[in-house]
1. Radius of gyration and Dmax for the chain's Cα atoms, expressed in Å?
2. Please compute the contact order of segment 2-69 in relative form: average sequence separation of alpha-carbon pairs under 8 Å and at least six residues apart, divided by the residue count, as a percent.
3. Just add up the charged neighbours of CYS66: K/R +1, D/E -1, any other residue whose Cβ is under 9 Å from the Cβ of CYS66.
4. Taking the Cα centre of the chain as the origin, how large is its charge dipole in debye, to the nearest 20, when only Lys and Arg (+1) and Asp and Glu (-1) carry charge on their Cβ atoms?
5. Chymotrypsin sites (Phe, Trp or Tyr not before Pro) within segment 68-105: which are DSSP loop residues with at most 15 other Cβ atoms inside 10 Å?
6. Measure nothing fancy, just the Cα-based angle from helix 124-140's long axis to the longest principal axis of the chain, in degrees from 0 to 90, nearest 10.
7. Counting alpha carbon pairs within less than 8 Å and at least 6 residues apart, what relative contact order, in whole percent, applies to the chain?
8. May I ask for the percentage of alpha-carbon pairs in segment 2-69 that lie more than 16 Å from each other?
Amino acid sequence: YFVEIETPADCIAAIYNVLARRRGHVTADVPKPGTPIFIVKAFIPVVESFGFETDLRYTTQGQAFCMSVFDHWQIVPGDPLDKSVVLRPLEPAPVGALAREFMVKTRRRKGMSDDVSINRFFDDPMLLMLAKQDAELGAIL
């Protein structure tokens, strides 16, 4: 998301902290002419935006207001199906495990299990047939 936050000058440090905890980064920090208000412009991943406004208001004691707008897509590093990645609660995942963390967070938020396995959707004969077709396609290309 692209996030625009209006805040008094004394809350800017708190806003930077909230954005850093949620993997956001600030692109601009400018005063609003004729007022004591600053406008902070930043990007924040959509998966980290759930509860962002509440966290922002709590941290700034209700002095900051934000507006979020979808801005762009970006490839997330890592493999979402890599089960060797260990995700610890309340700790940010390493950069190589972001795809797995995003997938697990989304599935948990929707009430789904963390386990994603192709075997749940296909039986063994179907998997063998798909593997054979993939090998044949690879030979053609």
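1. Here Rg and the maximum Cα pair distance are 21.1, 71 Å.
2. Across segment 2-69, relative contact order equals 46 percent.
3. Every neighbour counted, the sum reads -2.
4. Charge dipole of the chain: 300 debye, to the nearest 20.
5. Loop-located and lightly packed - PHE70, TRP73.
6. Once rounded, one gets 90 degrees.
7. 22
8. Tail fraction, whole percent: 36.
All of the numbers you see were taken from the coordinates with simple rules; none came from a lab. Treat the numbers as computed from the prediction; the structure is a model and nothing was measured. So basically every Cβ, Gly included, is an ideal-geometry build from the backbone, and we count neighbours across all protein chains shown.
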